[in-house]
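Okay, so here's the structure we're looking at.
The values are calculated or read from the model by the stated rules, or taken from the named source; none is laboratory data. This structure is a prediction, so every number in the text was calculated from the model and none was measured. Glycine also receives a Cβ, built like all others from the backbone with ideal geometry; neighbour counts cover every protein chain displayed.
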Amino acid sequence: MFNETILIEYLPILIFIVLALGISGAAVIGSLLVAKQKPDPDKNAAYECGFDAFSDTRGKFDVRFYLVTLLFIIFDLEIAFLFPWAISLKDIGMFGFWSMMAFLGVLTVGFIYEWKKGALDWE
Amino acid sequence: MSEFGFLDFNLVPLLPEVFLALSAMGFLLIGVSFGDEARRVIPWYALLALLMTGVLVSQVSFDDAIVLGGMFKADAYSGFVKLLIIGGVMATLGLSMRYLEQEHIDQMEFYVLVLLASVGMMFMVSAVNLLSLYMALELQSLSLYVLAAFNRQSPRAAEAGVKYFALGGLASGMMLFGISLIYGFTGSLDFGTLTASMMVMQPVPFAVIFGLVFLLAGLAFKLSAAPFHMWTPDVYEGAPTAVTALFAMVPKLAALALLMRILFEPFAYLVPQWEQIIIFLAVMSMIVGAFGAIAQSNIKRLIAYSSIGHIGYALIGVAAASEGGINAVLLHMLIYMAMTAGTFAVIMAMRRGGRSVERIDDLAGLSRSQPILAYALGILMFSMAGVPPFAGFFGKLMIFQAAIGAELYALAIFGVVASVVAAYYYLRIVKVMFFDEAVLMLDLNVLSGPQRFILACSVAFVLFFILSPSAFIDSTQLAAAALFPGR
Amino acid sequence: MDVIAVFAPFFAFVLAGLLNRQIGDRGCQIVTCVGLLIAAAASIKLFLDFALGDQMPYVRVLAEWVAVGDFKVSWALRVDMLSVVMMNVITIVSSCVHIYSVGYMSHDEAKGRFMAYLSLFTFAMLMLVSADNLLQLFFGWEGVGLASYLLIGFWNEKHSANAAAQKAFIVNRIGDFGLTLGIFTIFLVFGSIEFETIFANVADQAETAFVFFGHEFHALTLIGLLLFIGATGKSAQLGLHVWLPDAMEGPTPVSALIHAATMVTAGVFLLARFSPVYEYAPFALAVVTVVGALTAFIAATIGLTQFDIKRVIAYSTMSQLGYMFFALGVSAYGAAMFHLMTHAFFKALLFLGAGSVIHALSGEQDMRKMGGIWKKIPVTYVLMWIGSLALAGVPFFAGYYSKDIMLEAAWARDTGVAHFAYWLGIAAAFMTAFYSWRLLFMTFHGKPRASAEVMHHVHESPPVMLVPLFVLALGALMAGAVFYQPFVGSAGGHEASAAHHTEPAHESPERWNRQAFWGPAIQVRPGNDTLEVAHNVADWVKRMPTVVGVLGIVLAFVMYILQPRLPGRMKEIFSAPHTLFYNKWFWDEIYQFVLVRPALLLGRMLSLGDRKVIDAVGPDGGARASGKIATALSHFQSGYIFQYAFVMMMALVAVLSWFAFRMG
């Protein structure tokens, strides 16, 4: 049946998943079986260049880090999008070209907005 | 490179959506550039933009054009639903303006988000590809997540936003999984091709039905059909009332329109299978809608349950799987939207000492302090309960007729029983308004001109629908016929 | 014109009803009176267009109402002679009553509400008569019923008024049930409820029959009888008449407008409107004749013995309605409409006059406590005389023309049933004259029997109450002579050919004959044209009503003026009939015994079972269960996201397992 012919194209992915599971599983289970287990409270302590930890490891981050990261990811994605587009521009024609222009336009509007709002200023 | 004409693709059927999207972005830029000066005008610009979009929708000839490489279809069905969406959004904006000022959350982002959500909804009803469907749904949902938490000062609004977002993400995941299953077993995302494959593959593989179940579960979440309704009461209660009004009126309609397109186009050959799911959802929704509301004391929660119940009735019409059923669903949703708009106008009028109050008991004695408001809400509640001769009765009547036409007798009877139970809590509001003594009076003259106008229109619609029902039924019939071509 | 005539009262009602508080009592009175006067002016203009001009009947469609498959109903005004005559009667009498009420209700607290109800009634009645289809007619029919209910119980602090209002409502419901069945049957037979379609197809359906429970029913007869049941309720014919006397609990202007001049004639109008159908249902017509004649007779006998001034007039109304029905029954539709019109004038006059008397006597309604007041209220006295003369059919007053032509038509019909009606009608005419003058003499003559204090207050009514009376009196004097020719006059040299009434007559006098006047609104089959024959009946038949009428007056004069002890003697001699008449033929008691008590008993028994079994399991149990389900459901609504997600997943798994189970 024709749906099986489609599914067969996904066989490599399935094989890859199985292999990945197998290798990572082997690593975890192997270390569990082969290595020597010597539990010690110091082994769970935070490591900070040889001296005792100043504070809890789960320290608070400034929320602005996240904001910048999020804004960065958008442009990251944009680049990730532009590569395949540039490669296949010949095939997707004018429609493809203008689609990307529209996408860039929308991103630009968003960029102007965040700039004006002051999301890019640290202080 | 020879194909590089300037525009070798047809954008005309997309005009309304493109216009609205550009307007939204334009308002965003204007708003962020001019700050406070823009804040006062943007609501009116937004209304104007919606109005023009409505004009475009009704004027652009669609001819069932499929554009964007088979992603987008403009037909009479989508045209009608889009007009309803635009009308609902306009009503919401009319209701919101004064409310946002009162709550000090009148930022221009609200309007931009509402417009973007509208764009998403308009794409939803025109989507004829599972991919564009998902994209449109996410555009709508992401806007709505933010809107739910729009009142940043209120912890309850933030909670509502987070709940909606987290559960919405889960629902999206289910949907995507369903779509991938369907794609995996049919090799296509396009509705036309899917229809053809379903016709060839008989019996349809198990996995496709599984995919359909996942897809429907995701959509049921958007519809707030039980048992995927859990977010509804919390979000309705927590979100600002203006946003709740939007939630109650518009996204459900878009999701329902989308649901019907999926069920009647690609899955038209799976009626016996999906009918079971829809009946299950309908029955559960009616039970939850009828019984859940009884214990509520917050009017927004009550409306949430009421909307769950109404979705249950609408799903009866979907389960009928006939042109009459679609017609009934569209009419029912139209009437429900009109009633809800008026109800929210009254809810927004519930303020005491400048602060909004939401308990049903706060309505006590309204018939003496503000009789016009009390009578208006009374009429709307009777209509919601489906008491003739108000409009709500006809919506239910058409639904039950469609169910009987499809020989779903048990479901129709169940619907009638559920609406009897539901009548209890609608009438309780009437009782509180007219027979209970007020402890504290509500503020007088809270409503703005647009809010009064919407309330008046809503009540007039409910009252006078009986005089000329054919005016509305004719247009819903046309839309239904477009989706259900002579099968 | 037609739209103004019908909707002016509606707007008056809306203004007076909704803006009651804003415009005040005075504002309500002005708005409603002006609205009615405008409507009356428009109606008169319409009538003149028809009667003198060349106006042809037409239907004005206002809006589409319902269109479901083949079932199409519009809001439309059907304007032909029949509806125009009714519109004139309604708007003119209603205007008079509106203006009169300003004075009569001046001591009442809810004047605005009263005026609004009156206008609502008028609008509903106009809707009824101008209906183009049965649904709209039914709308008006129920509308007048509602207004009647509201107005009978207007003084809702009085227990008896509430009881009377409910009685009227319930009894009318029985009649309305007949009417609705009739409408269903018509839709079944004709596939339409539009008058045009029905009347056009009557001849085709003349032979149609139903088989029902193994019996065969002639369709048109069945329709005729069902519609007649509706008419019986609304027009207080024998059997369903019990509500009318009690309805006198309402304020007197209401009695005049609703329970004398207009609403109670709705049944007459309905039958006249359906003349094309009745012409094919001779058995239904015979039933109508018999019931009408019996009503005329029995109501008159009751009227002889009553002491409440308004009840006497109420029974007289019932009796006169009986006349109209037997006139309908002998195919003399024009005569029935003629009497309807003249009766509206003189009966409204009598009622309003009686109201004036009651007003003068500080609310006293018992004639035994009246008497000797004619010098104090001379204008009312004269007006009451005019009304009574017209009612008794004394020559040249309105009632003379209309009553005589009905009796002549009954004789001309020349069947057993019709002769029966004629003789009962003659007997009733005698009694009518007698009780009318009994009323006059007891009220105005003799020694004053009211307390001195009341007598001291007796005063003539203010002009605002008297002017409408003059208008009505003019109608009672003139309406008969003027409209005799067009309403019932001989068609003269013109042959009674069907072609004739469709051609427009160009000279106005030519229109002043019966057939041209009514046009296609009333249809009479050639063999049934009793009105034509009625003009040629024997002389004694024509004179009889007048003679017995005069005899009745003389007898009343003898008994109540010359020999005041005679009535007492008569009562002893004829004690059995008197008891029967005085107790209204025991109708109420019979209904109480045969219907009400068993029904109550049954109801109590059922209610016991209801409470113990059905309520416990059904509503009460259901309500308790609902509460429990609601609580159970609210436990799910914990507010935790993970729980919500869990429910969603479980539901998904459940649906998937269901399919796996079904398909696996």
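Side notes on the structure shown:
- Some residue of the stretch C:611-625 being within 9 Å of chain B (Cβ to nearest Cβ), over 29 Å from C:Lys167 (Cβ atoms) and among the charged types (D, E, K, R): no
- Inclusion of B:Leu397 among residues that are in a loop (DSSP other than H, G, I, E, B), surrounded by fewer than 20 Cβ atoms within 10 Å (Cβ to Cβ) and of a type outside the set (Gly, Ala, Ser) is not warranted.
- Restricting attention to the stretch B:181-192, the residues being within 12 Å of chain A (Cβ to nearest Cβ) and under 17 Å from B:Arg261 (Cα atoms) number 2.
- Only listed residue being surrounded by 10 or more Cβ atoms within 10 Å (Cβ to Cβ) and over 26 Å from B:Phe34 (Cα atoms), chosen from A:Ala45, A:Ala102: A:Ala45
- Any hit, the stretch C:235-252, residues being among the hydrophobic types (A, V, I, L, M, F, W, C), under 30 Å from C:Asp204 (Cβ atoms) and assigned to a helix (DSSP H, G or I): no
- Cβ pairs under 8 Å, 6+ apart, first in the stretch A:96-123 and more than 10 Å from every other protein chain (Cβ to nearest Cβ), second aromatic (Phe, Trp, Tyr) and surrounded by fewer than 13 Cβ atoms within 10 Å (Cβ to Cβ): A:Leu107/A:Phe75
- Just one of the listed residues (C:Glu216, C:Glu194) is touching a residue at least 12 places away in the same chain (Cβ under 8 Å) and in contact with a strand residue (DSSP E or B) (Cβ under 7 Å, 6 or more places away or on another chain), namely C:Glu194.
- Within the stretch B:1-34, the set of residues being over 19 Å from B:Leu83 (Cα atoms), in contact with a Leu (Cβ under 8 Å, 6 or more places away or on another chain) and modelled with pLDDT under 90 comprises B:Phe9 only.
- Evaluation of B:Leu83 against the conditions (1) modelled with pLDDT of 90 or more; (2) surrounded by 21 or more Cβ atoms within 10 Å (Cβ to Cβ) shows that the sole unmet condition is (2).
- Residue within the stretch B:116-124 that is modelled with pLDDT of 90 or more, assigned to a helix (DSSP H, G or I), in contact with a helix residue (DSSP H, G or I) (Cβ under 7 Å, 6 or more places away or on another chain) and more than 22 Å from B:Pro43 (Cβ to Cβ) present: yes
- Unique residue being within 12 Å of another protein chain (Cβ to nearest Cβ) and either acidic (Asp, Glu) or buried (at least 24 other Cβ atoms within 10 Å of the Cβ) (or both) when the list is B:Gly342, B:Gly317, B:Gly289, B:Gly309: B:Gly289
- Every condition in (1) buried (at least 16 other Cβ atoms within 10 Å of the Cβ); (2) of a type in the set (A, V, I, L, M); (3) closer than 30 Å to C:Ser119 by Cβ holds for C:Ala163 except the one numbered (1).
- Taken as a whole, the stretch A:77-89 holds no residue that is part of a helix (DSSP H, G or I), touching a Ser or Thr at 6+ places or on another chain (Cβ under 8 Å) and surrounded by 13 or more Cβ atoms within 10 Å (Cβ to Cβ).
- Residue ID - surrounded by the most Cβ atoms within 10 Å (Cβ to Cβ), chosen from residues in the stretch C:388-407 that are touching a Leu at 6+ places or on another chain (Cβ under 8 Å) and among the aliphatic types (A, V, I, L, M): C:Ala398
- Test: B:Thr193 is in contact (Cβ under 8 Å) with a residue 24 or more places away in the chain and assigned to a helix (DSSP H, G or I): no
- Test: residue in the stretch B:115-124 that is within 14 Å of chain C (Cβ to nearest Cβ), among the aromatic types (Phe, Trp, Tyr), in contact (Cβ under 8 Å) with a residue 24 or more places away in the chain and surrounded by 23 or more Cβ atoms within 10 Å (Cβ to Cβ): no
- Selection count, the stretch C:633-642, where residues are of a type outside the set (Val, Ile, Thr), within 8 Å of chain B (Cβ to nearest Cβ) and part of a helix (DSSP H, G or I): 3
- Restricting the stretch B:235-273 to residues that are buried (at least 24 other Cβ atoms within 10 Å of the Cβ) and within 14 Å of chain C (Cβ to nearest Cβ), the residue that is nearest to B:Leu334 (Cα to Cα) is B:Tyr236.
- Top-ranked residue in the stretch C:190-231 [being of a type in the set (Ser, Thr, Tyr) and closer than 19 Å to C:Ala272 by Cα; ranked as surrounded by the fewest Cβ atoms within 10 Å (Cβ to Cβ)]: C:Thr197
- Where a residue in the stretch B:299-320 is within 10 Å of B:Gly289 (Cα to Cα) and its partner, wherever it lies, is of a type in the set (Asp, Glu), with Cβ under 9 Å and at least six apart: B:Ala304/B:Asp234; B:Ala304/B:Glu237
- Taken residue by residue, the stretch C:18-40 has no member that is buried (at least 21 other Cβ atoms within 10 Å of the Cβ) and within 18 Å of C:Asp132 (Cα to Cα).
- Of all residues assigned to the stretch B:210-222, none qualifies as being farther than 26 Å from B:Gly309 by Cβ, assigned to a helix (DSSP H, G or I) and either touching an Asp or Glu at 6+ places or on another chain (Cβ under 9 Å) or away from chain A (no Cβ under 14 Å) (or both).
- Unique match (being under 16 Å from B:Val18 (Cα atoms) and more than 21 Å from the chain's Cα centre (by Cα)) among B:Ile42, B:Ile66: B:Ile66
- Taking the stretch B:437-451 as the range and being surrounded by 16 or more Cβ atoms within 10 Å (Cβ to Cβ) and either assigned to a loop (DSSP other than H, G, I, E, B) or more than 22 Å from the chain's Cα centre (by Cα) (or both) as the test, the residues that pass are B:Ala438, B:Leu442, B:Asp443, B:Val446, B:Leu447, B:Ser448.
- When C:Thr232 is tested against (1) in contact with a strand residue (DSSP E or B) (Cβ under 9 Å, 6 or more places away or on another chain); (2) touching a residue at least 40 places away in the same chain (Cβ under 8 Å); (3) among the polar types (S, T, N, Q), only condition (1) is not met.
- Given (1) in contact with a helix residue (DSSP H, G or I) (Cβ under 9 Å, 6 or more places away or on another chain); (2) more than 30 Å from B:Leu11 (Cα to Cα); (3) away from every other protein chain (no Cβ under 14 Å), index of the condition A:Leu82 fails: (2)
- Subset of the stretch C:229-258 (residues that are modelled with pLDDT under 85 and closer than 15 Å to C:Thr342 by Cα): none
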